[in-house]
Structures are given as structure tokens and as C-alpha cells.
Amino acid sequence: MENNVCSVCGKEKESRLIPYINKVMYIDCQCETELKKKIETEKREKAINTYIRKRIKKSGVLLREENAFFDNLIVDENNSKAVDGAKYICSLMLNGDTSQDKNGLILSGNRGSGKTYIGASIINEYNRNEKFNEYVINEIIKAHDNGFIEDLGIEINSNCRFIKEKDAIALSEKYNYRENTSPIDEFKNAKILVVDDVGSSYGDSKRIMSILFDLFDYRYSQQLSTIITTNLSKEELHAYLGERTFDRLRCCCHYIKLASPTSRRK
Ligand SMILES: Nc1ncnc2c1ncn2[C@@H]1O[C@H](COP(=O)(O)OP(=O)(O)OP(=O)(O)O)[C@@H](O)[C@H]1O
Ligand SMILES: [Mg+2]
Ligand SMILES: [Zn+2]
């Protein structure tokens, strides 16, 4: 196409003669400039969406919960305290507010009351709102331009982790003695950690208690935010975790009971 007409409106472009080299330059029509800007903005938005999605995946949030965000949670009298608690913790962490002794939650309630969903929404929302790295955004835009949608060739990390209690226990038992590391370490050190379904593990209860003590005691002493979900009542949780662990959690978590809706939310 002739580059002396606007590709959008078809009008002839303004031209300017550059002296000495005796060349004519065409000046972009306003609508072409706007179109370019619009394309740039769309690319950036798409890259940021990918960025958020990758962060959420990296956090370990499961498919069922990956679309749980504060603005699409159904809120009613059964869960409103839990939703408020979730928003409060998320904003504490996003603002880097370390002034509060309690920066975590114990979400307790019956099956299907929405504990896992609300727990995951804290991670999703944090991942959506935490500052983005401009370098990473540009790398994602480049990957998209080259036709790579999923395989970006760049590692995207997240400061949050979601894990089922059972998996946390299994990972804690794997230990690399040579490197002095365990696969649980990245969960232990996450800025926000959701441990889902606390109280659901069977087996050697002394071993389970000791693993959970290590995890929660570490997080307590590092002032990291821990959210646990459980089907157990306060008394049952106390008995299951034991005095020492329960005490740590009591110091750093707000206890919130969710009432049971009549059926699972759809
Ligand atoms: N606030 C909400 N808004 C929209 N959907 C929700 C909400 N809470 C829960 N749900 C939906 O209900 C389903 C069940 O909730 P969820 O799995 O979080 O319950 P739970 O309390 O963790 O149950 P369990 O004790 O069985 O683990 C979720 O998969 C989700 O689809
Ligand atoms: Mg659950
Ligand atoms: Zn034009």
C-alpha cells in the first residue's frame, strides 16, 4: 500500500520535504497514531493477563478456584465475615503493613461453605494486584509477538502458595540431604500461604503434629501470612494440632466461622 495515504481513513498524509537529502517524508495521520497506541495498550493488557494467570498457576491454586476474585465472590450472611477477612488480609499484604500481630485467618466451616474458594481468592487477588515487573511484561509481549502463548521462555514467580494439608505433609517428608533443602521450603517461605483442609490427614498423628508445628511455627516467627481452612471446630482443631501449634495460630490468625449454606454454591 502507498505510504502516502492513511491506512485507516484513506486520506492523503501530510508530506514534508527534507532538505539536502531531497526526500519526502509522510507524517502519520492522527488515526494511525491512535491505532498504534491502541494496539500497544491491547498487547500490554494481554501480557498482564498472562502474567497474572501464570502467577496464579505458580501459586498452586487449582483450576476450580483460579477464577475466584473478590469482585465475583457471592457474598451472603453465611460468608460475609470470611470475605471481609479475606479482603483485609489481602490489603495488609499488598500494602506491606507489618504492624498487625494477626495477619492470617482460620476459616472454619462445614463442607461446601466456601472456605477453599475464599482462601484461594486472597492469593488470586494478591497476584492480580501486586506490582508487575516491567521487564517481565516486555518479555511476555515479545513472546506473544513471536506466537508463544503458553511457553513464554521466562519463569514467572509468585509470592503466594496454596497447598492441601496432605500435600504439605508429603512434601515435608522429602528431603535433599546433600543440598539441605526440602520441596516444602518454597511454601514455608511464601509471603501468603493457604493450607487447605487442615485436619484431613490420617496416619501417625505425632508425625503430622510435628510437621505442622514446624511449618506454622516458622511462619509465625517470620511474621508471614498464613490462611488455613478446616472442617474442624475450634476445639477439634486444638486437639488435632496440639497445644503448641494451636497457640501459634491463635496469635497470628483471626478465627472466622462460616455458616453452612443449604447447598453448594454453583
Ligand atoms: N463466595 C463464593 N462465590 C462464588 N462461588 C463460591 C463461593 N464459595 C464457594 N463457591 C463455589 O462453591 C464450591 C464449593 O466451595 P468450596 O470448595 O470453597 O467449599 P469448602 O468450604 O472448601 O468445602 P470442603 O469443606 O468440602 O472443602 C466452589 O467450588 C465454588 O464453585
Ligand atoms: Mg475446601
Ligand atoms: Zn487517518
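The values are calculated or read from the model by the stated rules, or taken from the named source; none is laboratory data. Since the structure is predicted, the reported quantities are computational estimates derived from the model, not experimental observations. Cβ: placed from backbone, ideal geometry, glycine included. Neighbour counts: every protein chain shown.
Values computed for the structure shown
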item	result
Pair list, Cβ < 8 Å and 6+ apart or interchain, from the range 106-117 residues that are of a type in the set (Gly, Ala, Ser) to residues that are within 6 Å of ligand 1 (Cβ to nearest atom) and part of a helix (DSSP H, G or I)	Ser108/Lys115; Gly109/Lys115
Leading residue by the ranking (farthest from Thr226 (Cα to Cα)) among those in the range 167-184 that are part of a loop (DSSP other than H, G, I, E, B) and of a type in the set (S, T, N, Q)	Asn180
Residue within the range 55-70 that is away from ligand 2 (no atom under 16 Å from the Cβ) and exposed (fewer than 12 other Cβ atoms within 10 Å of the Cβ) present	no
Filtered residue count, the range 100-115, keeping only those that are loosely packed, with under 15 Cβ neighbours inside 10 Å and within 13 Å of ligand 1 (Cβ to nearest atom)	2
Any pair with Cβ under 7 angstrom, 6 or more apart, that starts in the range 59-70 at a residue that is closer than 21 Å to Pro183 by Cβ and assigned to a loop (DSSP other than H, G, I, E, B) and ends at one that is more than 10 Å from ligand 1 (Cβ to nearest atom) and of a type outside the set (Val, Ile, Thr)	Gly60/Arg161; Gly60/Phe162; Val61/Asn124; Val61/Phe162
The range 189-204, subset farther than 13 Å from Lys164 by Cα and touching a residue at least 12 places away in the same chain (Cβ under 8 Å), residue surrounded by the fewest Cβ atoms within 10 Å (Cβ to Cβ)	Asn189
Filter result for Tyr88 (part of a loop (DSSP other than H, G, I, E, B) and aromatic (Phe, Trp, Tyr))	no
Tally, over the range 91-121, of residues that are within 20 Å of Leu232 (Cβ to Cβ), in contact with a helix residue (DSSP H, G or I) (Cβ under 7 Å, 6 or more places away or on another chain) and part of a helix (DSSP H, G or I)	4
Out of Asp97, Asp28, Asp84, sole residue that is within 16 Å of ligand 1 (Cβ to nearest atom) and either without any contact (Cβ under 8 Å) to a residue 24 or more places away in the chain or of a type in the set (Ser, Thr, Tyr) (or both)	Asp84
Condition check for Lys43: modelled with pLDDT of 95 or more and basic (Lys, Arg)	yes
Considering residues of the range 129-166 that are assigned to a helix (DSSP H, G or I) and crowded, with 18+ Cβ neighbours inside 10 Å only, the residue nearest to ligand 1 (Cβ to nearest atom)	Glu165
Hey, Asp76 more than 30 Å from Gly147 (Cβ to Cβ), within 16 Å of ligand 1 (Cβ to nearest atom) and assigned to a helix (DSSP H, G or I) or not	no
